[in-house]
Structures are given as C-alpha cells and as structure tokens.
1. It is to be established whether one or more residues within the stretch 110-121 are open to solvent by 60 Å² or more (accessible area, probe 1.4 Å) and over 25 Å from the mean Cα position of the chain (by Cα).
2. Inside the stretch 154-167, can you point out the residues that are open to solvent by 40 Å² or more (accessible area, probe 1.4 Å) and within 16 Å of GLY256 (Cα to Cα)?
3. Could you check the stretch 65-94 and list, in sequence order, the residues that are surrounded by fewer than 18 Cβ atoms within 10 Å (Cβ to Cβ) and closer than 15 Å to LEU198 by Cα?
4. Is one or more of the residues making up the stretch 239-262 polar (S, T, N, Q), open to solvent by less than 10 Å² (accessible area, probe 1.4 Å) and farther than 30 Å from ASP332 by Cα?
5. Condition check: out of contact with any helix residue (DSSP H, G or I) (no Cβ under 7 Å at 6 or more places or on another chain) and surrounded by 22 or more Cβ atoms within 10 Å (Cβ to Cβ). Does GLU62 satisfy that?
6. How many residues, within the stretch 487-512, are open to solvent by 50 Å² or more (accessible area, probe 1.4 Å) and charged (D, E, K, R)?
7. Specify the residue that is nearest to ALA40 (Cα to Cα); the eligible residues are those in the stretch 358-391 that are surrounded by 13 or more Cβ atoms within 10 Å (Cβ to Cβ) and among the hydrophobic types (A, V, I, L, M, F, W, C).
8. All but one of (1) over 16 Å from LYS223 (Cβ atoms); (2) surrounded by 20 or more Cβ atoms within 10 Å (Cβ to Cβ) hold for LEU185, so report the exception by its number.
Amino acid sequence: MKLLLLLVAVGLCSAQYNPNTRSGRTSIVHLFEWRWDDIAAECERYLGPNGFGGVQISPPNEHITVTSPWRPWWERYQPISYKLCSRSGNDQQFRDMVTRCNNVGVYIYVDAVINHMCGAGGGEGTHSSCGSYFNAGARNFPAVPFSSWDFNDGKCRTGSGEIENYGDAYQVRDCRLVSLLDLALEKDYVRDKIADFLNTLIDIGVAGFRFDAAKHMWPGDLKVITDKLRNLNTQWFPNGARPFIFQEVIDLGGEGISTSEYFGIGRVTEFKYGAKLGTVIRKWNGEKMAYLRNWGEGWGFMPSDRALVFVDNHDNQRGHGAGGASILTFYDSRLYKMGLGFMLAHPYGFTRVMSSFSWDRYWVDGKDVNDWIGPPSYSDGSTKPVPIKPDTTCGDRWVCEHRWRQIRNMVIFRNVVDGQPFSNWWDNGSNQVAFGRGNRGFIVFNNNDWHLDATLYTGLPSGSYCDVISGQKEGDCCSGRQIYVDGNGNARFQISNNDEDPFAAIHVDAKL
C-alpha cells in the first residue's frame, strides 16, 4: 500500500501544471505568427511593464513553405525538421528573444508540433523554411532524421490511412490527421528525437510547451516523452522547476477521447469554456449571464487547476477547431471585450489572451474560404514586422487585442485580485451581473437592452476608484469613470446598454 501511494505521489509530482510565471503575473498572451525580433521588443516595451506573465509563440522549428498563391498560416504546423529556423526567425533570433523576454519576467511557451510531420502530399525537395531536403511520399526527413520506419502507416486501421471516425480512439491516435504524416510515438527512437528537440528549447530558456494535437497522441507516449524533459534553466527559474505543459485536447463531449486522460501529464485546454461563454454573451438558446453564477466546474468543465482557458484561439477564430459560430473574436469587438473581461475577472483556470492578425473573410456556403490566409507579409512571403501606432495600437492587419486598453487593464485586474475568492455575486435574473474577488476587485456587466442603475455591495475599502474599462488611473485622476465606494462597501453603478463597453471594473490599485 505504501509503495502504491508513493507511485501515485510521484505521478502527481511529475505532472506539470505550474505555469512558472513570476509571482503576481497570472496570464499569458498568444502572439500568433509574430517574428522573434518583434516579440523580444514587445516583452520589453509592453508585456513586462503591464504584468503579462508570458508569450505562447508559434512553432519555432523548420516547416514546409507554400508559395501559391500566398503563404498560409498553417505552414507552421507541418514540420520538416527540428532546426530552429521558421518564418518568425532563425536560431540566433530565437535565442535572443528568449533571453530578452526572460530578463523582463515574461516567459516563453513554445507551441510544439510533435504528433506529425508535413502532409502526405507535401512533395519532395527543399521548399522548407531552412532549405532542408525532404520527401513526404517516401517518408524521408533526413534533417531529423526520420524514415518510413518512424511513422504509423502500418498501424492505422482505416483503408484511407486518415481518421474516419472520431469516436474510435485508435483511429484518432494512430491514423493521419488531415493527411499529416503521423509519427510512431511508441518507438524509443522517435521519442528521443522529440525529447532532444524539447530539451534544446528548455536549455535555451523556455518555460513550457503547448502540445499541439495532443488528442491525437496516446497519453502513455506523451508521458514517456515529458518524463525525459530536463528541469528549467536555473539562470531564470528556481532549481528543480519543471516545464509547464498544456495540451490541446478538443473535448466538447460525445467523442471517444476525454480531456481527463491527459491530466497526469499537465494542464489541458478547456474548449468548452469559449464555446459556452460565447453562447451566453451572444444570448443564444435562451442563455443568460445570470446563469454564470456557478461558472467553471458547475458547467461541467474540468477542475480549475487542470484547465488552460481562453475565449478564442487561432483555430476556432477561423471557424474550425471547436465551438463553431458561438466563438467570440475581435470581429465582434464589443462582445469580445466583455467575454475577455469576464474570463480575466473570474478565478477559474489559467488564462491565455489571443493576439491576432486580420484577414478579409469571404463566405461560401457558410464557410470562410479565406481562413488559410497567413500573417501580413512582403511580396517574397516573409512576415512583416508589427508596427506600433502613436495611440499604442497596431497597424498593417496586426490586431493586437492584448494592446486594447480594456483587455490590458483586465490582465492587470487579474494580477491584483490573484488568490482572492469569488464573492458578492449579484444579478438581475437576466443579463446584468456583478461579482467581486474578495476585498480587492469588483466587476459589473450590462448585457441587457436597457440601462443598469444599481447600488451593489463590492466588499472593497471605502474611497474613490477609477473604472479600468472606460479608462484608468493616471496620477491622481481617472481618465474614465470614477466610482465611489462608501463606508459600508457599497457603490452605485450606472452603465448604459449603449455604452461602447457595457461593463465596469474597479480594483484596489486603481483607488485614488
């Protein structure tokens, strides 16, 4: 019995749930398709000073290049090798980014594509970001090297070699996902090659990994690989710190694979979060914000300490991945900011903010046929830098939601209320709701079609506070609304349904 308990304890200790962010930093941002030089600069000039804990970056290793008609974003998810040269930059630029970001307390989380290599129709030649030769038809990737022995072609049980039934766990994990060549992760050689790649990144100084397509890998194989990972670089992290792991597992219910199968490895992406929250904020299917009182596990979500949560990600903002049309994105900016505000105020899960680039959507039979469009690029296909305008927003199709005042200030709000309990819930039975985080923060939403005028118990110390949604504290003044909390902890909130942002938030660091 003692041996069994010891084994259970070892298993729990080896699972990697801690995001390793510096104390007081509670959210990360996905700078989707940004160049390494731009991320390094953003860490220093914006993310560090505004309390962001880290950056999820796009896959850093060599990938296929597609030049007809333009280079799509999904190139990055079709690896050719584990060399550190991608459309975001080369090995030296990557190392410089990690060092500069780490030095200002903003850590790097690598989107790791280890389930597969490029597509079966990827061809032959050197059309890759480092110029390495490969032959997809022959399963030959000499820059790793991988050969036909290292793939699951003989293991898949379908005639096409593709996943044909998502209710069959064997197909989902042993067959090709949209024709991508599926690596045989049960083989020690393949596991060692992947672990070597991840350990190289750890030695450089990254803080953790998002495992792309984790659902398509057997948990036992992933566990062996993560057990091979070294501790984090002690130049920036405590002795013995383990890399943060969060795994992409789409589980909306009704399929053959459950998120809980992956809890022994690290955190898991909770795709129900954005899908359900979008439905509520949009007021579809009779949903109301009043129903959010028991948000989290009460809605059938995974345990909070196992969840990585987000309103949207790079897949489902394009209509695929999970969630469908309910997903809130920057295209619905008014509703989107409310969704982000709710997520960042609520204690459930570890939060990730999306930072996107825009594209011209073109709908055919209900599908956006332009969902493949890559980041802003020059005529040669290379990615453009992110220009910062005088008003601190971004230009040239870079959306930079993380730079929107409301979202940045809610990232700070989350830091201020960290560790405080969910408290002082109020609702009007419809779509006006409010809640606090102990005695450090309070937020109010008006998603009804009429004015909100209510005096609510905030739990905050008496005094005048700046609303961090309409503006913020600037010296001894508020650039937006000012809200007074009386000696009993009560405050009057007036929010019009016609306001640009129909919600308000106050916290103790925004007190005059």
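1. Taking every residue of the stretch 110-121 in turn, at least one turns out to be open to solvent by 60 Å² or more (accessible area, probe 1.4 Å) and over 25 Å from the mean Cα position of the chain (by Cα).
2. ARG157, GLU164, ASN165, TYR166, GLY167
3. ASP91
4. Taking every residue of the stretch 239-262 in turn, none turns out to be polar (S, T, N, Q), open to solvent by less than 10 Å² (accessible area, probe 1.4 Å) and farther than 30 Å from ASP332 by Cα.
5. Values: out of contact with any helix residue (DSSP H, G or I) (no Cβ under 7 Å at 6 or more places or on another chain): yes; surrounded by 22 or more Cβ atoms within 10 Å (Cβ to Cβ): yes.
Yes, satisfied.
6. 4
7. The qualifying residue nearest to ALA40 (Cα to Cα) is VAL386.
8. LEU185 satisfies all of (1) over 16 Å from LYS223 (Cβ atoms); (2) surrounded by 20 or more Cβ atoms within 10 Å (Cβ to Cβ) except (1).
The values are calculated or read from the model by the stated rules, or taken from the named source; none is laboratory data. Since we're looking at a predicted model, the values are computed, not measured. Methodologically, a virtual Cβ is constructed for each residue, glycine included, from the backbone with ideal geometry; neighbour enumeration extends over all protein chains shown. Surface accessibility is based on the protein's heavy atoms, side chains included, excluding ligands, DNA and RNA. Shrake-Rupley method; radii C 1.70, N 1.55, O 1.52, S 1.80 Å.
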